[in-house]
1. At most 15 other Cβ atoms within 10 Å and a DSSP loop assignment: could you name the trypsin sites (Lys or Arg not before Pro) in segment 60-163 that fit?
2. Based on other C-beta atoms within 10 Å, arrange Asp49, Asp120 from fewest to most.
3. Evaluate E = 1/(1 + (r/R0)^6) for Val140 and Glu69, where r is the Cβ-Cβ distance and R0 equals 25 Å; express this FRET efficiency to the nearest 0.05.
4. In what sequence do Ile113, Ile156 fall when counting other Cβ within 10 Å, fewest first?
5. Put +1 on the Cβ of every Lys and Arg and -1 on every Asp and Glu Cβ in segment 2-162; which of Pro100, Phe45, Val139 then has its Cα farthest towards the positive end of the dipole?
6. Please find, in a Gaussian network model of the chain (springs between Cα atoms separated by less than 10 Å), the residue of Val50, Val79, Val139 whose mean-square fluctuation is greatest.
7. Convert each backbone phi in segment 99-110 into a coupling constant with the Karplus relation 6.51 cos²θ - 1.76 cosθ + 1.60 (shift: θ = phi - 60°), then list the ³J(HN,Hα) values in order as whole Hz, x for Gly and Pro.
8. Quick check for segment 2-162: number of Lys pairs with alpha-carbon distance under 30 Å, counting only pairs 8 or more apart or on different chains?
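Each value in this text was obtained by applying a stated rule to the coordinates, not by laboratory testing. Values in this document were obtained by computation on a predicted structure and should not be read as measured data. All Cβ positions, glycine included, derive from the backbone under ideal geometry; neighbour counts span all protein chains shown.
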Amino acid sequence: MLVSYLLSFIIALLVHELGHLVAARVCRVPAPEFGLGWGRKLVGFRFGDVEYKLHALPIGAYVRLNIVELQRRSISQQVLILLAGIIINLIAATLFAGTPFGTINLLLAATNILPLYQQDGWKCGMVMLRALLKRKSAVVEWTFTIAGSSLSLALIAFQALRHI
């Protein structure tokens, strides 16, 4: 049972990042790197203009976007690219409802939409705040980061305590 959840987690991470990669391609934002895991690179290969990597610690995944090009896109395109992983996870959760893969995809989407630092929800919040203010504001961004992270952690703690 544990193996099926671990395998589902790794596949859900890949599906999530592929969502970002496909959306970036559609919006013509370069994504030079796609990785599974962190730490030392074990293997890698280049396909087209993307380098695909497998790292030593298979926890997490990422797509490295060209931030300058991302920021040149409309707010709707930026948000689409940043939310594409969550959207794909929700689709997978619906298609595979009742299975370990469906459950993991739903959990991955739910945690990524929270405004926790460096999660997709936080990144979308930053993009929208900067667009609303028409500039960067360190005070507003730090307030959003601290408040969003605090509320997210409080929500997670509340849900955990509710099930004890």
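1. Lys134, Arg135, Lys136
2. Asp49, Asp120
3. Efficiency, from the Cβ-Cβ distance: 0.55.
4. Values: Ile113 18, Ile156 14.
Result, fewest neighbours first: Ile156, Ile113.
5. Toward the positive end, the furthest listed residue is Val139.
6. Of the options given, Val139 has the highest mean-square fluctuation.
7. 10, x, 5, x, 5, 5, 5, 5, 5, 5, 5, 5
8. Details: Lys41/Lys53; Lys41/Lys123; Lys53/Lys123; Lys123/Lys134; Lys123/Lys136.
Qualifying lysine pairs in segment 2-162: 5.
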